[in-house]
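Reading through the structure tokens given below for one structure.
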Amino acid sequence: MFFFSPILGSLAFAAVAVAAPTPEHPLSNRQAGTPYTGVLTPEQCKVLVPRKTKGDADKGLGISIENADSKPRSYFVYSNGCDTMPYIEVTGVPAGKTVFVSLPAKFQGRIQRGTHDVHVARAKGPDTSLGTWLELGYDADNKSYGDVSLIRGCDGAVSLRTTDGSGISTGFSTPCMQGAPAGAIGTKLSGGKSVKATERSKTQSDPNPNDGLPVVLPVPRDWLLQKLTNDQGKAETKAYIDDFHGNPVICDTKGRWHATFHQGNP
Ligand SMILES: *[C@@H]1O[C@H](CO)[C@@H](O)[C@H](O)[C@H]1NC(C)=O
């Protein structure tokens, strides 16, 4: 059951926040529908200045980000409730290096590859959403739920693993753009290529315009389903390909993650 958020692209993630039952927290005890506090208000968003870091002290809640690409990369952490400015800018991680990024308790949001010009200087326009989203959310006990979503596109692979000893991982390392048909590929504001978003919001001219469901865009969606299909012919389930394919959410009980950003377009 999905809990639809007005922010397209957060559909799958909202499902993480309210509908990821665990043995310790069955759904009935997780107060689905309670307003969550990791979301920025419009007022907070308007005046948000990103915290800039080259890497924080490796302690407490947060995520190790490994740059497995061949060039230095920057990463942008967005809090839910604010799509117009990142919450944290992680700058210039050298190829092959890993940095730790501290996240506040109750954090809910996403991490994307990108460039300062596009995400912070916003020289090219407002929509920075196209690309692979690494989605993270913390509950009141500092447990964290994470997944990789391709609903807003795929500009490269991301894999995510727990560090709490459970040995669980999600995401994928397959280069998602390689071999894609032209119709599945879009261009980010940076000029970099990405597989297009697999969904869009309904408009009043669509059938059932007010049912809260997204419209699936079949060209990029079918490409990703095909590309991420495993040897057994089963669709890859370790990413949200759209809101109807994939069950990729995992939990780190201590709220400390390791993410690998594979080769991709910033
Ligand atoms: C969650 O983490 C924060 C920040 O480290 C800490 O202040 C808080 O006490 C923790 N809460 C629980 C329930 O462990």
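In segment 11-264, the alpha-carbon atoms span a convex hull of 146 Å³ per residue. Here r is the Cβ-Cβ distance between residue 84 and residue 56 and R0 is 30 Å; the resulting FRET efficiency, rounded to 0.05, is 0.80. Structural descriptor for segment 11-264: relative contact order 21 percent, calculated from alpha carbon pairs under 8 angstrom and at least 6 residues apart. In the context of the full set of protein chains, segment 11-264 has a per residue accessible area of 45 Å² (1.4 Å probe). Label separation (residue 178 vs residue 229): 1.8 nm, computed from points 7 Å beyond Cα along the C-beta direction.
Bridgeable lysines around residue 59 (alpha carbons under 25 Å apart, same-chain partners fewer than 8 residues away excluded): 97, 106, 143, 254. Taking 7 Å steps out from each Cα toward its Cβ at residue 203 and residue 166 produces label points 4.2 nm apart. Using θ = phi - 60° in the Karplus curve 6.51 cos²θ - 1.76 cosθ + 1.60, the 3J(HN,Hα) couplings for segment 51-63 round to 6, 9, 9, 9, x, 9, 4, 7, 8, x, 6, x, 9 Hz; x is entered for Gly and Pro. The trypsin sites (Lys or Arg not before Pro) of segment 171-266 meeting both criteria, a DSSP state outside H, G, I, E and B (loop) and at most 10 other C-beta atoms within 10 angstrom of the site's C-beta, are 234. Only protein atoms count toward the accessible area here, which uses a 1.4 Å probe; on segment 11-264, the carbon and sulfur part of that area reaches 54 percent.
The values are calculated or read from the model by the stated rules, or taken from the named source; none is laboratory data. Please read all numbers here as calculations on a predicted model, not as lab measurements. Reconstructed Cβ throughout: ideal geometry from the backbone, glycine too, with neighbour counts over all protein chains shown. Ligands, DNA and RNA are excluded from the accessible area calculation, which covers all protein heavy atoms including side chains. Shrake-Rupley method; radii C 1.70, N 1.55, O 1.52, S 1.80 Å.
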